[in-house]
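Here the structure comes first, spelled out in structure tokens, and everything after it is commentary.
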Amino acid sequence: MKSLPSSFGAIALGVFLSLSAPLHATAPGRWIESSDPPYVARVADGALLSIQLQPVRLKLDMNAHNSVRSETDDFKPARYSFPRAHVPQAVLHRLTDIYRYERRRDVPIVSSGGNWVIAEYFPAHSHIPVARFQLLGGRVQRQERLDRNGRTTQIVVIGWARVAAPADEEASDLTALGERPAWIRVFRVSPSGSRTLVAVARRKRSFTAPPHPDDVPHADDLTFGSAKGAPEWRSMAEFAAAQDIDLDAAALSGKSETSGTAQRAGSRA
């Protein structure tokens, strides 16, 4: 692994601000920047609110799914925040004490896109996340449900795609979506890693013109059913509840995925 760049502090602060935007301008607290060990932290009233650092500094939280390498083959800085825990500022003297608290970990997917992240939530004293999301500007693009050993058991993919497309296929050509494309696809993952499409939210009719990737459909334009297309649920709320879909990524705040999500899902997809 390559050594940390000497300019880490400035880079980390820039990435941190992009991850925090637009909230950083009004967020409480003050910034602390350290060069040994290198980190950028935000503190208030003796508590650590968030910290940006190279993930190898908390390497027990690293896994193949959440530790993204940069274009220069180094790891991208990770941002930790603590939605439900009061973390004393004193942990900055021994960073591994952060493991003792519930925590959210965000890592940018690309260096130039601080708001496009893989985000996970870890229980206190654990290095196995209970939730994993891919977010773009706060919007859920992908959700993974994990078992107690950290194995992915379900993948939810959100975004226009062919119903038959693999879970990891990016729909870069939205002119070839086919008849009644999918907005949400739910895959069951076997212990061997094979993926089976089990449920779909799809358009009632084909597009007459390719949609914009960010065009979020109205729930009334969708049907919610099995992989074969048979309708099984009457609304987005029923579909999300039945498939444990966390459209608001509430689990990243340590909240129940279904609290509020199903209630709001009926009015938006």
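Some notes on this structure:
- Hits in the stretch 32-66 (condition: surrounded by 14 or more Cβ atoms within 10 Å (Cβ to Cβ) and either at positive phi or among the aromatic types (F, W, Y) (or both)): Y39
- Yes/no for R180 being within 15 Å of G225 (Cα to Cα) and in a loop (DSSP other than H, G, I, E, B): yes
- First in the stretch 191-203 and loosely packed, with under 13 Cβ neighbours inside 10 Å, second anywhere and assigned to a loop (DSSP other than H, G, I, E, B) and among the polar types (S, T, N, Q), Cβ under 8 Å, 6 or more apart: T196/S190
- Scanning the stretch 90-112 for residues that are not in a loop (DSSP other than H, G, I, E, B) and not hydrophobic (A, V, I, L, M, F, W, C) yields H93, T96, D97, Y99, R100, R103, R104, R105, D106, P108.
- Residue within the stretch 112-130 that is buried (at least 16 other Cβ atoms within 10 Å of the Cβ) and at pLDDT below 90 present: yes
- Test: E169 is touching a Phe, Trp or Tyr at 6+ places or on another chain (Cβ under 8 Å) and of a type in the set (D, E): no
- Residue list for the stretch 44-80, restricted to those being touching a Phe, Trp or Tyr at 6+ places or on another chain (Cβ under 8 Å), farther than 22 Å from N115 by Cβ and assigned to a strand (DSSP E or B): L48
- Taken together, the residues in the stretch 83-111 that are crowded, with 19+ Cβ neighbours inside 10 Å and under 18 Å from R132 (Cα atoms) amount to 7.
- Extreme residue, nearest to R57 (Cα to Cα), among residues of the stretch 75-119 that are touching a residue at least 40 places away in the same chain (Cβ under 8 Å) and of a type in the set (S, T, Y): Y99
Rundown of residues vs (1) in contact with a Pro (Cβ under 9 Å, 6 or more places away or on another chain); (2) outside the structural domain of A249 (by TED's automatic domain parsing); (3) within 19 Å of F239 (Cα to Cα), yes/no style:
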| site | (1), (2), (3) |
| --- | --- |
| G159 | yes, no, yes |
| P166 | no, no, no |
| L174 | yes, no, no |
| V186 | no, no, yes |
| V200 | no, no, yes |
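- Residues that are at pLDDT 85 or above and among the β-branched types (V, I, T), drawn from the stretch 207-224: V216, T223
The values are calculated or read from the model by the stated rules, or taken from the named source; none is laboratory data. Just so it is clear, the model here is predicted, and its values are computed rather than measured. Note that each Cβ is placed from the backbone with ideal geometry, even for glycine, and that neighbours are counted across all protein chains shown.
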